[in-house]
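The values are calculated or read from the model by the stated rules, or taken from the named source; none is laboratory data. Everything quoted here is computed from the prediction, not taken from an experiment. Every residue, glycine among them, receives a Cβ derived from its backbone with ideal geometry; neighbour counts consider all protein chains shown. Each accessible area value is taken on the protein alone, full model and side chains, heavy atoms only, with ligands, DNA and RNA left out. Shrake-Rupley method; radii C 1.70, N 1.55, O 1.52, S 1.80 Å.
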Amino acid sequence: MVPVLALLPAVIALLGAAIVIPWDKTLNTEPFPRNTTATENCGPIDDLQYSRRTVYFPSKGLQLEGWLYLPKGIEGRPPIVVLAHGIAGQKDMGLHPFAEVFAQRGMAALVFDYRNFGGSEGEPRNWVSPKRHLEDWDSALDYVRSTLGAEVDVRRIGLWGTSFAGGHVLVTAAKEGSNISAVISQVPHLSGIEASKKSLKNRGIPQSVRLFLAGLHDRARVLVGLPAAYLKVAGPPGSNSFMELPDEDMHLYLAKHPEHYMGGWQNRILARLANELSRYNPIHYVPEVKAPVLLVATTQDALCPIAVARRAAELNSNVQLLEKDVGHFDVYLGDLFEEVSVAQARFLVEKLGAIVPVHEPAEALPLL
Ligand SMILES: *[C@@H]1O[C@H](CO)[C@@H](O)[C@H](O)[C@H]1NC(C)=O
Ligand SMILES: *[C@@H]1O[C@H](CO)[C@@H](O)[C@H](O)[C@H]1NC(C)=O
């Protein structure tokens, strides 16, 4: 008992120092209000091949927002694929095209925003937390099963996650056992330990310590009731951002973003994540996954190393590995998107037993 008490002044002094010392200009403590004004890309869609409407469901007392896609031209209830984004991502950052491809091939899709992101409730904004995100995945599945039974076949559920969520879907599938029928894990974050090693190598020790201290600073501020501290999600090398990207990758990262962000998103993320990342290792769950998995990995991935994806694929014979000879951010647009999304749709159609509707060809444009 005495040693604990003896440590108390030291702990208080450290806490005080972590809050007071204004040592890092890369920290941002400006207010970050949620913007609930609708953006041009967030409304319902009534396409010839599918419909999309906005839905809401609870997660730990807050309301999450999702887009529900229902395919047209099929008989009976379709299977459903649940999708969510990676680090600080939200559904208006390039997830619509994937859901659309699945809906065109006879599958329903639910794309949702985590708490504190996009159209979902929760403040402070842009709080990335493996624990909270996994709870939100569970909430999304509860919602599908408890509410969507009249419109979709809730016995045939697929999970789709990209980057950070590529790990979440594997952890979730491991918990769900045979209640999940298929998983797509795209350019997945599988190992916090490997990611931290790589980050340490790229940043060097002083910059890595700086990142870790930023996380402590954020936590210390919250403990004493001050507004949270943020770092950039993505920035150039040396900027103390969570993802330090060369110009070319930064360009690709932003290319899938809308002109106006849902919820008033900004390029920042609560710094506390810096103290959590190394402890989050979804690869440990891979052996327990019962559902068939398509793991899409990129050989030039600077954030989620291909070697870890290959190792994960060897841990479980249910995992099929699809490698593409490109970088982490190449799969959202252009030819790579076409290739990857169609391969994923084919996998899901097979594993979820979807019936692909035959759509009337669009009317040919008159020749001028
Ligand atoms: C809130 O979002 C809307 C839609 O994108 C935008 O027009 C408006 O300027 C934003 N308001 C603030 C205060 O940023
Ligand atoms: C799978 O679903 C069944 C029926 O809803 C439920 O009883 C069971 O607990 C679920 N299994 C897991 C691992 O969640």
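Here are the numbers for this structure:
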read-out: The chain, helix-only ellipticity at 222 nm - DSSP H runs n ≥ 4, -39,500 (n - 2.57), divided by all residues, nearest 500; value: -11000 deg cm²/dmol
read-out: Top positive-direction residue, dipole computed over the chain with Cβ charges, set Ser341, Ser278, Ala10; value: Ala10
read-out: Top of Gly89, Gly192, Gly177 by mean-square fluctuation, Gaussian network on the chain, Cα under 10 Å; value: Gly177
read-out: Furthest towards positive pole of dipole, Thr172, Leu110, Pro79, structure part the chain, Cβ charges; value: Thr172
read-out: GNM top mover of Leu270, Leu62, Leu190 - the chain, alpha-carbon springs below 10 Å; value: Leu62
read-out: Full-stretch length increase - Glu135, Leu8 - with 0.36 nm per residue and alpha-carbon distance subtracted; value: 42.4 nm
read-out: Net lengthening on full extension, Leu226/Leu315 (0.36 nm per residue, minus Cα-Cα); value: 27.6 nm
read-out: ³J(HN,Hα), Karplus 6.51/-1.76/1.60, whole Hz, each residue of the stretch 270-279, x for Gly, Pro; value: 4, 5, 4, 4, 4, 8, 10, 4, 5, 8
read-out: Magnitude of the charge dipole, the stretch 45-352, Cβ model with Lys/Arg +1 and Asp/Glu -1, debye to 20; value: 980
read-out: Normalised contact order of the stretch 214-286, rounded percent, pairs of Cα under 8 Å and 6 or more residues apart; value: 37
read-out: Contour excess over end-to-end distance, with Cα ends at Tyr56 and Thr147 and 0.36 nm allotted per residue; value: 31.7 nm
read-out: Arg77 accessible area, assembled protein chains, probe 1.4 Å, Å²; value: 110
read-out: For the stretch 45-352, share of DSSP beta bridges that run antiparallel, in % to the nearest 5; value: 40
read-out: Mean-position separation - Cα centroids, the stretch 63-113 and the stretch 263-299, in angstrom; value: 20
read-out: Within a Gaussian network of the chain (alpha carbon springs, distance under 10 Å), most fluctuating of Gln344, Gln266, Gln186; value: Gln266
read-out: The chain: angle of helix 2-20 to the longest principal axis, Cα-based, in degrees nearest 10; value: 70
read-out: With at most 11 other Cβ atoms within 10 Å, longest stretch of the chain clear of loop GluC sites (Glu not before Pro) (DSSP); value: 76-258
read-out: Point-to-point label distance, Ile193-His260, nm (Cα→Cβ direction, 7 Å offset); value: 4.7
read-out: Magnitude of the charge dipole, the stretch 66-152, Cβ model with Lys/Arg +1 and Asp/Glu -1, debye to 20; value: 140
read-out: Accessible-area ranking of Thr29, Thr298, largest first, probe 1.4 Å; value: Thr29, Thr298
read-out: Derived scalar couplings ³J(HN,Hα) [the stretch 111-120; Karplus, 6.51 cos²θ - 1.76 cosθ + 1.60; whole Hz; x for Gly, Pro]; value: 9, 10, 9, 5, 3, 6, 9, x, x, 8
